[in-house]
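Below is one structure, written out as structure tokens; comments come after it.
The values are calculated or read from the model by the stated rules, or taken from the named source; none is laboratory data. Bear in mind that the values here come from a model prediction, so they are computed numbers and not experimental data. All Cβ positions, even for glycine, are placed from backbone atoms using ideal geometry, and neighbour counts span all protein chains on display. In case anyone asks, the SASA skips ligands and DNA or RNA and just uses the protein heavy atoms, side chains included. Shrake-Rupley method; radii C 1.70, N 1.55, O 1.52, S 1.80 Å.
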Amino acid sequence: MDGDTIEIHGQRIRLNGIDAPEGKQYCEDAKGFEYPCGRRAAEALDAFLTTSRPVRCSLVSWDRYDRFVGDCQRSDGVGLSAWMVEHGHALDWPRYSHGAYALQQVKAEAAKLGVWAGPFQAPWEWRAEHADRAAPGQARGLVSRRLLAQSGYSCEPRRPCSQISSCDEANWYLANCSWGGKLDRDKDGIPCETIC
């Protein structure tokens, strides 16, 4: 899904203790050129997962979007959170990790890997700065059954943009359905751009 969230059998799982750049976030490389570091983090995690499946996660808690927060490992035993931080694609998030990935972060920073190659803003700071620009309904993760009933939307059946009548509806599918990412073809966080 992105650099700190995966999906297993339709359930989104937030990786415990780390924070990766957001999908729309840009960072600078060593030469001062901007690049889509959020998208790169997602691509790195995806590539890492394809080399050793299945992934196993143990539930730690729930987040405010009703996503699982989990400690996840590939079938070869390598932890996803540790790998993402060690390769500079995510940061140790002390607020939740209590420094569990601090050593991996020190190594990534020293080697100038990933985001550490140039200046960047911590993902939690970037989100806070851009929170007022977020469109309603862009919270990621499966919602509770009560909220699902209140919205009037359903993930079944799957819908193409031509069958969606509003931007709010498109954003809801993007945020809550396993197939919602298909509505955002250019991966800029905006689904069904003909109506949004």
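Surface composition of the chain: carbon and sulfur make up 52 percent of the accessible area, probe 1.4 Å. For the range 62-110, the percent of C-alpha pairs falling in each 10 Å distance bin, counted from 0 to the bin holding the largest distance, reads 26, 49, 23, 1. In terms of accessible area, using a 1.4 Å probe and ignoring ligands and nucleic acids, VAL55, VAL106, VAL115 rank largest first as VAL106, VAL55, VAL115.
Using the 1.4 Å probe convention, the accessible area of the chain works out to 56 Å² per residue with neighbouring protein chains retained. Here the Kirkwood formula puts the hydrodynamic radius of the range 151-196 at 10.2 Å, using every distinct Cα pair. In summary, the aspartates and glutamates within cross-link reach of LYS112, defined as a Cα separation below 15 angstrom excluding same-chain residues under 8 places away, comprise GLU28, ASP29, GLU86. Taking ASP188, ASP19 and ordering them by how much accessible surface each has at a 1.4 Å probe, largest first, produces ASP188, ASP19.
What does the charge dipole of the chain about its Cα centre add up to, to the nearest 20 debye, if the Cβ of each Lys and Arg holds +1 and the Cβ of each Asp and Glu holds -1?
On the way: 24 positive and 27 negative charges, 109 e Å.
Roughly 520 debye, rounded to the nearest 20.
Using equal-weight Cα scatterers in the Debye expression, the normalised intensity of the chain in log10 at q = 0.09, 0.12, 0.14 Å⁻¹ is -0.34, -0.61, -0.83. Once the chain from THR51 to GLU129 is taken as fully extended at 0.36 nm per residue, the excess over their C-alpha distance is 24.5 nm.
Exposure here means at most 14 other Cβ atoms within 10 Å; with trypsin sites (Lys or Arg not before Pro) in a DSSP loop as sites, the longest stretch of the chain lacking them is 65-111. Solvent exposure of SER58, expressed as accessible area, is near 60 Å², computed with a probe of 1.4 Å over the protein chains only.
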